[in-house]
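The values are calculated or read from the model by the stated rules, or taken from the named source; none is laboratory data. Remember, predicted model here, so these are calculated numbers, not experimental data. Cβ: placed from backbone, ideal geometry, glycine included. Neighbour counts: every protein chain shown.
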Amino acid sequence: MEHSTAYVADPVHDSAGGTKEIWRTFWILLGLTIVELVLGYIMIGVESHGGRLALKGAIIILMLAKAFYIVAYFMHLKGEIRNLVMTILVPLALLIWAIISFLYEGNSYRNNRNTYDAYHRERSHIMSTDKKADEKGLPEKKRTGAME
Amino acid sequence: METTTVGVDTKWWNGGKSPFNVEYGKLMMWYFLMSDSFTFGAFLIAYGTVRFSSNGWPNPNEVFKSYPGSGEFTNAPLVFVSIMTFILIMSSVTMVLAVHAGHERNKKQVATYLAWTILGGFAFLGCQAWEWTHLHHEGAWWGSNPFPNSDGTASTTNFTNFFFTITGFHGFHVFSGVIINIVMLIMTLLGTFEKKGHYLMIEKAGLYWHFVDLVWVFVFTCFYLL
């Protein structure tokens with residue numbers, strides 16, 4: 001560790017705000033989490049596909065906001081030198097490509113199987129014979145595996 | 001103190017100092033965390049891909065609806081997991097307060113906040129242990145999924161496989177974080193950092209701990225909310 005002090009001009013990157021900024025970040029994170037949970041509860045009652053999608057989009061945006069506050073303020077990345085920030089964040093852009101392409105791939109695989117694989121298509125209409133399905137009170141005839 | 005006087009014309013890459021203005025260990029911790037985020041990213045993207053390729057998927061609100069002491073037919077979705085989330089955020093705050101106290105070289109405060117962080121870590125692990133046990137009693141495990149899809153059709157074991165693998169991998173990170181923090185607490189109490197003249201080690205441990213919290217933000221959203 002002796003050498004580190006010689007290389008580093010000022011290794012301590014304390015945020016200007018001190019503990020005040022820490023607690024501000026905490027309240028922001030708590031608030032964002034509560035909004036996420038409220039949206040999650042609202043989603044339980046929403047049946048429409050578009051409505052659910054909109055709520056999921058909002059939750060993902062809030063998730064990214066939380067990630068920003070943790071990385072920027074708790075991990076002090078905001079106080080680091082721009083070059084350092086870039087060497088960490090630019091490689092992570094690969095994940096953006098990965099998310100888009102893999103989810104697209106998964107969706108396309110489902111569509112192809114539903115179109116060309118009759119066995120798979122019929123299987124995914126088989127109702128669960130689990131006791132949890134009984135609790136839901138699903139009609140008996142729906143569990144025979146017949147196509148809807 | 002030099003950073004405040006360093007102007008635009010300073011040549012960071014002329015040698016003699018770290019061009020990133022951080023010590024070696026902290027830089028490597030950042031790069032480790034970057035590589036670790038690729039691991040978690042790969043796990044979560046695989047989960048998303050399989051979910052997108054499936055015709056049906058269990059509804060998380062029907063799977064995660066219990067808390068310790070609740071009855072068999074309790075329907076309380078999101079309650080227990082929000083407590084877990086709160087515990088982890090709180091322990092992240094005490095960790096950053098420990099780092100802050102380290103900058104002021106306040107040994108007593110560093111030890112106190114580290115102890116709180118360790119406690120939060122154990123509380124989170126306890127919650128996760130309860131949840132795993134509870135799900136296991138319901139018949140859920142790797143290769144076994146008792147929960148039907150949200151539309152009532154028979155489900156595959158993909159849901160439980162991904163759930164236990166990803167929360168397990170995250171829980172393992174929390175566990176290692178707690179171990180690291182315990183080592184930090186012992187070193188603080190022994191006065192190791194006092195002798196060194198700085199508490200930079202706490203900062204590196206703090207980075208790891210915040211990363212664990214960061215990953216939970218994503219795991220929590222992907223498994224319990226979406």
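Listing for the model above:
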| item | result |
| --- | --- |
| Subset of segment B:96-135 (residues that are closer than 18 Å to residue B:216 by Cβ, touching a residue at least 40 places away in the same chain (Cβ under 8 Å) and among the small types (Gly, Ala, Ser)) | B:121 |
| Candidate set: segment B:189-215, residues that are of a type in the set (A, V, I, L, M, F, W, C) and facing another protein chain (nearest Cβ under 10 Å); chosen: the one surrounded by the most Cβ atoms within 10 Å (Cβ to Cβ) | B:209 |
| Some residue of segment A:91-98 being surrounded by 12 or more Cβ atoms within 10 Å (Cβ to Cβ), outside any loop (DSSP other than H, G, I, E, B) and more than 8 Å from chain B (Cβ to nearest Cβ) | no |
| Odd one out for residue A:108 among (1) polar (S, T, N, Q); (2) modelled with pLDDT under 95; (3) surrounded by fewer than 14 Cβ atoms within 10 Å (Cβ to Cβ) | (2) |
| Residue tally, condition farther than 24 Å from residue A:71 by Cα and in contact with a helix residue (DSSP H, G or I) (Cβ under 6 Å, 6 or more places away or on another chain), over segment B:11-30 | 1 |
| Residue within segment B:73-95 that is under 30 Å from residue B:154 (Cα atoms), more than 11 Å from every other protein chain (Cβ to nearest Cβ), exposed (fewer than 15 other Cβ atoms within 10 Å of the Cβ) and not hydrophobic (A, V, I, L, M, F, W, C) present | yes |
| Any hit, segment B:58-79, residues being in a loop (DSSP other than H, G, I, E, B), charged (D, E, K, R) and more than 22 Å from residue A:45 (Cα to Cα) | yes |
| Residue match in segment A:101-115 (condition: more than 10 Å from chain B (Cβ to nearest Cβ), out of contact with any Gly (no Cβ under 6 Å at 6 or more places or on another chain) and not in a helix (DSSP H, G or I)) | no |
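Conditions (1) under 30 Å from residue B:204 (Cβ atoms); (2) at the interface with another protein chain (Cβ under 8 Å from one of its Cβ atoms); (3) modelled with pLDDT of 90 or more, marked per residue:
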{"position": "B:13", "(1), (2), (3)": "yes, no, no"}
{"position": "B:25", "(1), (2), (3)": "yes, yes, yes"}
{"position": "B:28", "(1), (2), (3)": "yes, no, yes"}
{"position": "B:32", "(1), (2), (3)": "yes, no, yes"}
{"position": "B:39", "(1), (2), (3)": "yes, no, yes"}
{"position": "B:45", "(1), (2), (3)": "yes, yes, yes"}
{"position": "B:49", "(1), (2), (3)": "no, yes, yes"}
{"position": "B:58", "(1), (2), (3)": "no, no, yes"}
{"position": "B:64", "(1), (2), (3)": "no, no, yes"}
